[in-house]
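These notes are about the structure you will find just below.
The values are calculated or read from the model by the stated rules, or taken from the named source; none is laboratory data. All values derive from a computational prediction rather than experimental measurement. Virtual Cβ from ideal backbone geometry, glycine too; neighbours counted across all protein chains shown. Ligands, DNA and RNA are stripped out before the accessible areas are found, and what is left, the full protein with its side chains, is counted by its heavy atoms. Shrake-Rupley method; radii C 1.70, N 1.55, O 1.52, S 1.80 Å.
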Amino acid sequence: MAHGPAEGITRWLYTTNHKDIGTLYLWFSFAMFLTGGFFAMVIRAELFQPGVQLVQPEFFIQMTTMHGLVMVFGAIMPAFVGLANWMIPMMIGAPDMALPRMNNLSFWILPFAFAILISTLFMEGGGPNFGWTFYAPLSTTYAPDSVNYFIFAVHIMGASSIMGSINIIATVMNMRAPGMTYMKMPLFVWTWLITAFLLVAVMPVLAGAVTMMLMDINFGTSFFNAAGGGDPVLFQHVFWFFGHPEVYIIILPAFGVVSQIIPTFSRKPLFGYSSMVYATAAIAFLSFVVWAHHMFTVGMPIAGELYFMYATMLIAVPTGVKVFNWITTMYRGAITYETPMLFCIAFVILFTFGGFTGLMLSVAAADIQYHDTYFVVAHFHYVMVAGAVFSGTAAVYYWLPKWCGRMYDETMGKVQFWLAFIAFNITFMPQHFLGLAGMPRRYADYGLQFADWNMVSSVGAFLYGGAQILFLYNVVRTIMYGEPVKEAKVWEGAEGLEWLVPTPAPYHTFIRPPVVTSSAAGEDEWSISGATPHVAFKAAPGAG
Amino acid sequence: MLKRALALFLSCLSLMGTTSLGADGDDPSMGGGLTNLNMPKGVTEVSQVAYDVHMLMMWICTAIGVVVFGFMFYVMYAHRKSRGVEAANFHEHLGVEIAWTVVPALILIFMAIPATSALLKVYDTENADLDIKVTGYQWKWQYEHLGEGIKYMSEMRTSIDEIEGREPKGEHYLREVNQPLVIPVNKKVRFLITGNDVIHSWWVPDFGVKRDAVPGLFTAAWARVEEPGLYVGECTELCGKGHPFMPIVVEVKEEDDYNLWLAGKKEEAALYASTIGKQWSHEELMSKGEDVYKISCAGCHQADGNGISGIFPALNGSSIVQGPADGHIAVLINGIAGSSMQSFADQLSEVDIAAVIHYKRNTWDNSVGDIVQPIDVLNFKTAQ
Amino acid sequence: MSEEKYYVPEQSALPIFCATAMGVMAFGAASWVIEGGDAKIFLVGLALMTIVMYKWWSLVIEENMQGLASPQLKHSYVLGMLWFIFSEVMFFAAFFGALFYVRVFVNAWIGGEASVVLFDNTPTDAATANNDILWPGYERQWPVMETPDQAVNGEEAIFKGPDKNMSLPLWEYPASQWFSKLYTLLPWLPLWNTVILLSSSVTVHFAHTALKEGNRNVFLRYLGITVMLGFFFLCLQVAEYYEAYVHYGLTLQSGIYGTTFFMLTGFHGAHVTLGTGMLLIQLIRGLKGHFSHEDQFGFEAASWYWHFVDVVWLGLFIVVYIFG
Ligand code: HEA
Ligand code: HEA
Ligand code: CUA
Ligand SMILES: [Cu+2]
């Protein structure tokens, strides 16, 4: 076991190593990000001007649908699972993930699932054309045949997510090094533990939703058909019971990443560690009870509407706690602005902005005007692109030296940041205005009054796409020719077990578990015995 | 084009900082301009309360943002390592942590009050003066004045040539219909909204009305419009490829005009009923049929009648189209269950149905030759 | 914690073959349900999956026998199984939730009543209109014996309600006659099924206790009985479905009542099948002498699963049959 990786392609196909699997996840998700981004480019190119130019409306909605599905399920979720695979065992002092073979299975399902999903675009009648929320009956009675492929692809994708999350839960609950109590775990581990719990809870509900669709389409049931006594709106309830927690599944690991990076570059321990943990748990809990805020216009009874409005507004409280903790972590620190930090600061600002629009959306009476307009599109790109994607980018820059033992090019990183930051805002800020002025989403064509801002948004989108190409280039260049780094602690202010192991991280990290002890002064210390010599350092702040 | 994009781009950069919100009421010119930033205030009570809570929320968020980001920028400036500061080492403070939990919670309670009263307004659908049933079809709207026996379809008038850029786009591009919904001013109108096939959503921003049109169930909304005029809206729930092409136009008339219009509509219907027995000629039917086909059928079966393989069958050469007339009438009257081929019995008049059937049977490569008369359609309907 | 090493398996070809099998099965299942499709590809996937599963379980058992599985690793398996069961609970929750929503809300709306009473209990505009305009003649009812479609279209309706429903007749009788009518329950399958499944939960527990005490014969006997009971349950369920389809006119197509009835009991039945299979494998392993009284994870996992299936049945029995 103490040997390195196998040679050749079987290393990747047969691997049980958490780092290899993490790498696979990350590359897969990046490929999906480019694919989903490419679909977005088609959308933005078509919307560059009013009229139908590049693609037919029928194909346009397939692009919108696929863009949403690929980005959410193919890009963002696997990206964070990849980070979890790489970092969680290193952060808690585990030799590997708890169930390594299942770990590999979870990954390899994904390429099959997405191959099936994307292949539907080439089938007769076209691919899924009902939005990533696939509301019945557009997705059942009125869907092209390829919807069946979509359904089964979602099924196995869900199985992959469930297995992946069970693995993470088992790892965190069972594989922590001696002395690594729950309240000493790095925040990234905490947020992932809670995310994994959310995933295990809601992916089966998604499976239930697509199963109901399958039955309605092929076996004559009437879940979503009022003629038989069902209701199309039932679909929306089931979907959003999954769908709303899903958006927090996307953002919680991002919170974790930011909570690792901001203390490092502020050279100061994370402020309010325990309140961060409680806030994360509170957000997760609340996410189960707010789902119908996506359905303010379906004609729910007013009591339901009021309840979902209040519950949704409440989420601002724990989220606010997080934002304030991050800023206070920076307060009286000694801040430097390396690329990961820049992305995290942008995250805090833009995510909060997106949170504010979220709060506006939660006001049901106003949501009547916002719902299904570009205002919503703007909201969720602020939280998902400037939230999840920015923090993912930050994480890659932050941990890349540890992974491959080479430093990225700081200047290029900064250029990419500024390009991404500016282009992002040019793309999505105008979408708020479009939405307020009345442009509905999922429109292949629009009235002339929306032309100007759409053009601006498209230009921004192309620039933003360019920033991603630069990112890809920078990463590949680093892996191949980057400046070698030797010291274990790559960043001056970094704390945590992962910064104690050598750089690049050895193929197997902890052959003997490290031990966490308390020093005389009451400060926590880690020591690693076994593969690496004894080291000691201060533990996660506020811990114990 | 490129030049315009560039100009736009520059002006937008300079604009972002300077334009204040609330520039509603601007007449959207070609291109809409870059000053069209906010939600319209609208012309009903509901749209106004929606606007008010929207503005309130926005200003509260702006204020919080200024404080939070202001502090953050200060920290980012003052506590840079390059200024030679030493990092402190504190990481907890119960007092501030409680404060920043409690204060936002109080702010939220403060927000919830106007939000609740606004919502109560939205739901106040009782005691309406008249009821309009709104039905969403792929991809058009049907309006029925309940209790008056009047119903009509409202379809987009913008031509496919304008959409695909073979003709210049008109001023009302995608915002024009053959027959707007007509309602009286200063009356409480209740909309009962439903769908025929998939879910649509009926949105008129100026009324503050957006309600999903769910097949098989009603949702209710209301409006008392204070100013006569033309109001435009859109379908806001993805309903298939024609989703952007089913605009809503509402014409709000003074009460007398409305009553006149209603009487006219009723007369029209009576007149129609009396002429239905007339024998139509081949030419009359062909020209009428072509019009109907273009508006009602071409969206799916395509102008050339060849459909889209895998979704919409070709009518050109179809055995149903060329078969006995009754089978063909049946498809139009009853639709084909479980597909987007809907029943046209309520949407098209007997004349229209006869005409479009006759047209299809005698155009493209189809040539059946016989004549289908409106009376045949009526007989078919009554026989059922 | 122990100083012993956590066993991290070497490279393995199993996962990627398993993923391939899943991919092929998913693709195959989709092409099967599409009109004119067939099951060929699906069956290929299924065959591959069977092989992979067999190999995988054999490998794990073998590793176990070699003593590679430390207590810590076993705890990982325990956690894995428990969270898997939790995910199953959530899957059922979706269907129970659907049943609840349809019964409490949709049924009332279509029937012209507002179901949520907050400020007053007059039906809302929309609900009244639903019944007056869209579904005239439909009355709020559960089980739905006449679908809204039928209320409007009569014989032409696509969704026709059943002739009889499956709910327990118990509550229809006045208290005084309760006992005399009890005999009507005797031929009644779901009740028997409840008895069977509940007893099987008890027998599997006895088996467990026996195993812990190292009493192999008792263990095997009780496990055997459990598997038999599972099998009986399935037979009765088949009989019940036959009854429903042939004599009650209750099918998947009979509107929302048939839909929820068959989807809930059907998924439960599928899980019983799986659980019986799992227990059967454990029985075979037991006969081969695999379990010691310290090492019994495989059996324990199967028995937890069995208890879970049992609890789901209780839920079903209450909401589908008693209050059906
Ligand atoms: C990462 C994903 C993510 C996140 C984190 C959020 C966060 C939030 N979202 Fe968002 N949302 C989406 C992804 C996300 N959303 C997506 C994808 C959709 C559209 C789906 C679709 O239809 O396709 C959507 C749609 C959506 C809707 C439906 C809109 C509609 O369709 O009509 C609503 C309505 O309530 C909403 C609300 C919120 C709220 C209240 C939050 C809150 O969590 C935000 C909380 C944060 C803050 C408020 C900022 C920080 C707080 C402070 C600084 C404290 C002080 C502040 C105050 C007291 C105001 N979201
Ligand atoms: C986390 C998820 C995520 C991410 C990262 C993004 C990223 C982007 N999205 Fe997103 N979007 C969604 C999730 C996401 N989106 C969802 C859920 C919806 C709703 C779908 C629905 O309505 O059903 C949506 C809808 C949506 C719409 C509305 C479509 C409609 O309503 O019709 C638009 C329009 O502008 C848009 C634009 C963009 C753009 C420009 C990006 C950019 O950030 C993308 C940047 C990346 C790139 C540009 C890749 C770079 C690569 C290249 C440029 C070359 C690629 C070429 C090859 C590899 C061949 N998105
Ligand atoms: Cu009708 Cu969208
Ligand atoms: Cu949500």
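Every test in (1) within 16 Å of ligand 2 (Cβ to nearest atom); (2) outside any helix (DSSP H, G or I); (3) aromatic (Phe, Trp, Tyr) is passed by A:PHE223 save one, and that test is (1). Please identify the pairs in which a residue from the stretch A:284-308 that is within 13 Å of chain B (Cβ to nearest Cβ) and of a type in the set (D, E, K, R) has its Cβ atom under 7 Å from the Cβ atom of a residue that is part of a loop (DSSP other than H, G, I, E, B) and within 15 Å of ligand 4 (Cβ to nearest atom), counting only partners at least 6 apart or on another chain. Hits for this filter: A:GLU305/A:PHE296. Considering each residue of the stretch A:81-132, count those that are within 8 Å of another protein chain (Cβ to nearest Cβ) and in contact with a Lys or Arg (Cβ under 8 Å, 6 or more places away or on another chain), and give that number. Of the residues in the stretch A:81-132, 4 are within 8 Å of another protein chain (Cβ to nearest Cβ) and in contact with a Lys or Arg (Cβ under 8 Å, 6 or more places away or on another chain). Do the conditions hold for C:MET228, that is, is it over 30 Å from C:GLY112 (Cα atoms), at pLDDT 90 or above and outside any loop (DSSP other than H, G, I, E, B)? So C:MET228 passes the test. Among the residues of the stretch B:133-145, are any loosely packed, with under 15 Cβ neighbours inside 10 Å and either more than 30 Å from A:PHE356 (Cα to Cα) or more than 9 Å from every other protein chain (Cβ to nearest Cβ) (or both)? Looking for residues that are loosely packed, with under 15 Cβ neighbours inside 10 Å and either more than 30 Å from A:PHE356 (Cα to Cα) or more than 9 Å from every other protein chain (Cβ to nearest Cβ) (or both), one finds none in the stretch B:133-145, hence no. For the stretch A:133-166, the set of residues classified as within 16 Å of ligand 3 (Cβ to nearest atom) and of a type in the set (A, V, I, L, M, F, W, C) consists of A:PHE134, A:ALA136, A:LEU138, A:ALA143, listed by residue number. Would you tally the residues in the stretch A:280-293 being within 16 Å of ligand 4 (Cβ to nearest atom), part of a helix (DSSP H, G or I) and open to solvent by 10 Å² or more (accessible area, probe 1.4 Å)? Looking only at that region, the number is 5. For the stretch C:41-74, filtering for residues that are open to solvent by 80 Å² or more (accessible area, probe 1.4 Å) and under 27 Å from the mean Cα position of the chain (by Cα) leaves 7. For the stretch A:443-457, filtering for residues that are facing chain B (nearest Cβ under 7 Å) and either assigned to a helix (DSSP H, G or I) or hydroxyl-bearing (Ser, Thr, Tyr) (or both) leaves 10. For the stretch B:360-382, indicate whether the set of residues that are among the acidic types (Asp, Glu), more than 28 Å from B:LYS241 (Cα to Cα) and assigned to a loop (DSSP other than H, G, I, E, B) is non-empty. Scanning the stretch B:360-382, I find at least one residue that is among the acidic types (Asp, Glu), more than 28 Å from B:LYS241 (Cα to Cα) and assigned to a loop (DSSP other than H, G, I, E, B), so the answer is yes. Looking at A:PHE296, A:PHE241, A:PHE255, just one residue is surrounded by 24 or more Cβ atoms within 10 Å (Cβ to Cβ), more than 13 Å from ligand 1 (Cβ to nearest atom) and of a type in the set (Phe, Trp, Tyr), and that residue is A:PHE241. The residue list A:GLY74, A:GLY68 contains one member that is open to solvent by 10 Å² or more (accessible area, probe 1.4 Å) and either under 22 Å from A:GLN236 (Cβ atoms) or more than 8 Å from chain C (Cβ to nearest Cβ) (or both), which is A:GLY68. Looking only at the stretch A:479-500, how many residues end up being under 28 Å from the mean Cα position of the chain (by Cα) and either in a strand (DSSP E or B) or farther than 17 Å from A:GLN260 by Cα (or both)? Count: 3. Can you find a residue in the stretch A:399-416 that is near ligand 2 (Cβ under 10 Å from one of its atoms), more than 12 Å from every other protein chain (Cβ to nearest Cβ) and open to solvent by less than 10 Å² (accessible area, probe 1.4 Å)? The answer is no, given that none of the residues of the stretch A:399-416 is near ligand 2 (Cβ under 10 Å from one of its atoms), more than 12 Å from every other protein chain (Cβ to nearest Cβ) and open to solvent by less than 10 Å² (accessible area, probe 1.4 Å).
Among the residues of the stretch A:28-56, write down those that are within 17 Å of the chain's Cα centre (by Cα) and more than 13 Å from ligand 2 (Cβ to nearest atom). The answer is A:PHE28, and nothing else. Is it the case, given these coordinates, that A:PRO440 is open to solvent by less than 10 Å² (accessible area, probe 1.4 Å), on the phi < 0 side of the Ramachandran plot and at the interface with chain B (Cβ under 7 Å from one of its Cβ atoms)? Considered against the rule, which asks whether it is open to solvent by less than 10 Å² (accessible area, probe 1.4 Å), on the phi < 0 side of the Ramachandran plot and at the interface with chain B (Cβ under 7 Å from one of its Cβ atoms), A:PRO440 comes out as yes.
Listed here are the helices (runs of 4 or more DSSP H) enclosed by the stretch A:308-426 that have at least 1 residues being within 16 Å of ligand 4 (Cβ to nearest atom): A:316-330, A:339-362, A:364-370, A:374-383.
Among the residues of the stretch B:192-206, is any under 14 Å from the mean Cα position of the chain (by Cα), away from ligand 3 (no atom under 16 Å from the Cβ) and closer than 30 Å to A:ILE302 by Cβ? Within the stretch B:192-206, one or more residues are under 14 Å from the mean Cα position of the chain (by Cα), away from ligand 3 (no atom under 16 Å from the Cβ) and closer than 30 Å to A:ILE302 by Cβ. Suppose we keep only residues that are closer than 30 Å to B:VAL189 by Cβ and more than 9 Å from chain A (Cβ to nearest Cβ) within the stretch B:84-129. Which one would you say is farthest from the chain's Cα centre (by Cα)? Residue satisfying both the conditions and the ranking: B:ILE113. With respect to (1) surrounded by 19 or more Cβ atoms within 10 Å (Cβ to Cβ); (2) touching a helix residue (DSSP H, G or I) at 6+ places or on another chain (Cβ under 8 Å); (3) at negative phi, the lone exception for A:HIS508 is condition (2).
Checking the structure you have, find out if any residue of the stretch A:94-116 is open to solvent by less than 10 Å² (accessible area, probe 1.4 Å) and over 23 Å from A:TRP12 (Cβ atoms). Checked against the condition, which is being open to solvent by less than 10 Å² (accessible area, probe 1.4 Å) and over 23 Å from A:TRP12 (Cβ atoms), the stretch A:94-116 yields no hits at all.
Among the numbered conditions (1) surrounded by 24 or more Cβ atoms within 10 Å (Cβ to Cβ); (2) away from ligand 2 (no atom under 16 Å from the Cβ); (3) more than 7 Å from every other protein chain (Cβ to nearest Cβ), the only one that B:TRP203 does not meet is (2). Residues that are in contact with a helix residue (DSSP H, G or I) (Cβ under 8 Å, 6 or more places away or on another chain) and in contact (Cβ under 8 Å) with a residue 60 or more places away in the chain within the stretch A:55-66 comprise A:VAL55, A:PRO57, A:PHE60, A:ILE61, A:GLN62, A:THR64, A:MET66, listed in sequence order.
Looking at A:GLY542, A:GLY460, just one residue is within 13 Å of another protein chain (Cβ to nearest Cβ) and at pLDDT below 75, and that residue is A:GLY542.
Within the stretch B:190-210, the set of residues being in a strand (DSSP E or B), within 16 Å of ligand 1 (Cβ to nearest atom) and out of contact with any Ser or Thr (no Cβ under 7 Å at 6 or more places or on another chain) comprises B:HIS200, B:TRP202, B:VAL209. The residues in the stretch A:186-230 that are away from chain B (no Cβ under 14 Å), of a type in the set (Val, Ile, Thr) and out of contact with any helix residue (DSSP H, G or I) (no Cβ under 6 Å at 6 or more places or on another chain) can be counted, and the count is 1.
Please go through the stretch B:92-112 and pick out each residue that is loosely packed, with under 12 Cβ neighbours inside 10 Å and away from ligand 1 (no atom under 14 Å from the Cβ). If the condition is that a residue be loosely packed, with under 12 Cβ neighbours inside 10 Å and away from ligand 1 (no atom under 14 Å from the Cβ), then B:LEU94, B:GLY95, B:ILE98 are the ones that fit.
So which residues in the stretch A:94-142 are among the hydroxyl-bearing types (Ser, Thr, Tyr) and more than 16 Å from ligand 1 (Cβ to nearest atom), if there are any at all? A:SER106, A:SER119, A:THR120, A:THR140, A:THR141, A:TYR142 - these are the residues of the stretch A:94-142 that are among the hydroxyl-bearing types (Ser, Thr, Tyr) and more than 16 Å from ligand 1 (Cβ to nearest atom).
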